[in-house]
Every structure is written in C-alpha cells, then in structure tokens.
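This report refers to the structure that appears directly beneath it.
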Amino acid sequence: MSEKVLNQAICLKKYISEKEYKEISQLEKLCSSKDKTNLKLELDYKLNMRRNSEIGLKNINEFLYYIDEVLVAYLGISSFGSNIGEINGITHLDWRRKGLFKKLLELAIEECQNRGFNKLLLLSDGESRSGVEFIKAFGGKYDFSEYRMKLLSKASSESINSISLRKAEKFDWKEIARQNALFFNDAEESESFPEEEEIVNQVTYMVELKKEIIGKIRVEYSDNSAFICGFGILPDFRGKGYGKSALKEALRLINGKNIYNIELDVECKNNTALNLYKACGFEEKSVMNYYKYSI
C-alpha cells in the first residue's frame, strides 16, 4: 500500500495577514503549553506593521511552512530600526526533527545576507533544551540573555509632579534617533518620522523634567495587555530617581486604560535596570537567550 503524498508549501511574506496571525498564534499556544517555554515572535507588532505598511518594499520577514494547508512551522525576522536581525520561530511537535525549520532558517539567513545585516541573532527560551541545542548545532554562539518581566501590582493613581510624559511628535524623531544611538547602540537614522511611530496601539512618550526632554519610553498595546520598551534616561539625569518616576508615570497611564497585564524585557546583566523594575513591582517570568550567528 503506497504512502499518502503530502502537499508541502513554503510561503514567504513581507508581513503576516490576519489569517496568518491566527494560525501562528494557535501554533504558538499549542507548543508553549506543551514545552512550558516562552517565545518572542512579535506578532502584534508585525500585524500592526502590515496595517500601516507602504507599497513597494520587497523585504521578506515571514516564513511559513504548510503541510496539507495546515501551518506546521513558522519563522520570523524582526529588525527594530537597526542593522540587526532577530530570528525566532516554532515547529509543531509532530513535525520536529524533520528538517522543516532548518529549511526556513536557511531561507531567512539568505534574506538577511541580501539585506546587508551586520549582526544576526537567533533566539531561544533559556529553558528550551532542544532550541538551544539546535541553534548551537547550526553555528550560533551565545551572546547575551534577557529576562521577560511581568508587573505584579497596580501602579499608584497619583501623577509624578516633577516628571511628565508627552506623546512624541514628528519633530521629536531626530531626538528619538539620537537617544536610540545612545541607549541601544543603534546608528542614528534619518530625521523623517519612523513608520512604526504611526502605528495604532503603539506610543512613544518623551520623558520631560520641567519641559526639558531627559529620556523616552515606548508602550505597545495589544488587546488587554501592554509591553514597555525603548526606555532610557539621558546620562546627566541618571541616579536621581527620574527613571523610576518616568516608569511609574507610564504605568499610571497604562492603568488609566484599564490595562494591568504589563510586561517588558531587560538584559540579565543590567543590574541597574533590574533593580529599577523590581522596585516598581516587576518580577522575572522567563529568560530568553540570544545567539550570534556569523553571516
């Protein structure tokens, strides 16, 4: 008796659609519940990027593997305004160790080479033995780790008198780019307002002390949750409690939208930031390892 021939297809996309978002989310939920691990797929961010994308760009960011029209493996490339590509993905438990994810990864690396990334990072939950072993076998070298932290308590409803948060405007983009270069070693970009700042459900706030800009913080909203990122205080204003005040003010604004499920990422070795977040009620939830891959 002959074996059934499976219909296999690899779909390459610039952005994910609503349908693909649901398919990937279902696959993520299934695998995460079985593996007890955390993924960093950035699906909400990517879906918003599709809704606000410009026609004409040809970069491939999404790699989907279907068997008989069912999604069994997914890989995505993320790049947040820098020349660094981050790769994370997932494979259905029944289709692991069959070379499917390796095929997607090879295609993604070729795409990153074509786009001229100067650094490529492969991500895996620190508790995922299979994920870590796969990356190492593929040639990834450990670079650093991040904690995913979750807020355990509500913020105070009182505003901070000395610190205020103002929604960023187009004229702030040059300062935002300058701070990204300072805080995250990103190359300074053009003075035009970045496309992602126009995304619904994502807001960058300028941190001000008596009308003087001393930092910034970004909040990404998704349904009943929020994710804090891009947070930094300028060097001359550090060590004075302004960072804590700015974070508390951001939490107050988020809670004002009746959102209390709040998370953020922080590098494990950044003790100053870790202590700040813990002091504001955050606790470590999981660890994400980053592996450098030479391209």
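None of the figures in this text is laboratory data; all of them are computed from the coordinates on show. Just so it is clear, the model here is predicted, and its values are computed rather than measured. Note: ideal-geometry Cβ built from the backbone for every residue, glycine included; neighbour counts use all protein chains shown.
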Pairs from 170/211; 244/269; 13/285; 248/269; 211/248 whose Cα-Cα separation, in the structure shown, is over 28 Å: 13/285
Local electrostatic count at residue 280 - Lys and Arg +1, Asp and Glu -1, tallied over other residues with Cβ under 9 Å: +3
DSSP-defined beta bridges in the chain - what % are antiparallel, rounded to 5: 90
Read-out semi-axes √(5λ) of the Cα gyration tensor in Å, candidates (i) 35, 21, 19; (ii) 29, 23, 15; (iii) 27, 20, 20; calculated match is (i)
Neighbour counts of other C-beta atoms within 10 Å: give me 97, 148 arranged from fewest to most. 97, 148
R0 of 22 Å, Cβ-Cβ distance residue 115-residue 265: FRET efficiency to nearest 0.05: 0.40
Selection from 37, 206, 17, by position along the positive dipole direction of the chain (Cβ): 37
Using a 10 Å cut-off on Cβ atoms, rank the peptides 245-256, 204-215 from the highest mean neighbour count down. 245-256, 204-215
